[in-house]
Amino acid sequence: MSAELLEWMGYVASAIIAISMFLSSIVRLRWVNLVGAALFMVYGVLIKAWPVALLNAVIVVTDIYYLLRIYSHVDMFELLEVPAHNPYLQRFLFYYNDDIVHYNPDFVYRPGPQTTCYLVMRNMVVVGVFIARINETSGIEVELDYVTPGYRDMKNGRFVYMWVAKKFMAQQHTHIWADGTNPMHVRYLRRMGFKLQPNGRYCMMLAELV
């Protein structure tokens, strides 16, 4: 490998590790940091910089260890229904308002008689909020599905929507609607199984979730 390519490998590895430091999700941070450290390890071996190679080998092993712990850990999830004007819920929405608006630009909290609100709990820690409204066509409208930055993985979504599906199917509701106005939120909806409809919104049958 030419000296120029080796130099670029070092730059790319440095950039990847730097990017990992800006990630709020611990899982994403570990994965990106793992890639950067692995590349740096190879770089160190190729230029015979053994301290660099050894240090990054340790980082790779450490990232793998914690990722295995994360994926093997069994979390306890719970949805706690609260009144629409619950003080904690309102404080939560106020505190995370900027991040909520970033992913849900059209969200305005105006609860009505058909609104149901839930605190998403993970290992007894409140990590998010799920707010939905029953519409007139036997459907459920997702008004807000939000998780705090440090807990953004698919585990929360899978639990929430499975729980919601079981509850509302028992009440004879058949489908659930959501809006996707942020590209990252759209990717999340698609991974959950929502499909884009002709009206520009996303929909999924509740039966698909159980």
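The values are calculated or read from the model by the stated rules, or taken from the named source; none is laboratory data. Keep in mind that this is a model prediction, so the values were computed, not measured. Heads up, the Cβs are rebuilt from the backbone with ideal geometry, glycines too, and the neighbour counts pull from every protein chain shown.
Miscellaneous remarks
- Per the listing P51, P105, the residue uniquely at pLDDT below 95, out of contact with any Pro (no Cβ under 9 Å at 6 or more places or on another chain) and in a helix (DSSP H, G or I) is P51.
- Selection count where residues are of a type in the set (S, T, Y), surrounded by 13 or more Cβ atoms within 10 Å (Cβ to Cβ) and either touching a strand residue (DSSP E or B) at 6+ places or on another chain (Cβ under 7 Å) or farther than 29 Å from G128 by Cα (or both), scope the stretch 1-40: 1
- Within the stretch 77-127, considering residues that are charged (D, E, K, R) and either within 11 Å of L144 (Cα to Cα) or within 22 Å of the chain's Cα centre (by Cα) (or both), the one surrounded by the fewest Cβ atoms within 10 Å (Cβ to Cβ): D98
- Number of residues in the stretch 59-117 that are basic (K, R) and within 27 Å of I26 (Cβ to Cβ) equals 2.
- Criterion violated by V164 - all others in (1) farther than 30 Å from F22 by Cβ; (2) in contact with a strand residue (DSSP E or B) (Cβ under 6 Å, 6 or more places away or on another chain); (3) crowded, with 19+ Cβ neighbours inside 10 Å; (4) of a type outside the set (D, E) satisfied: (2)
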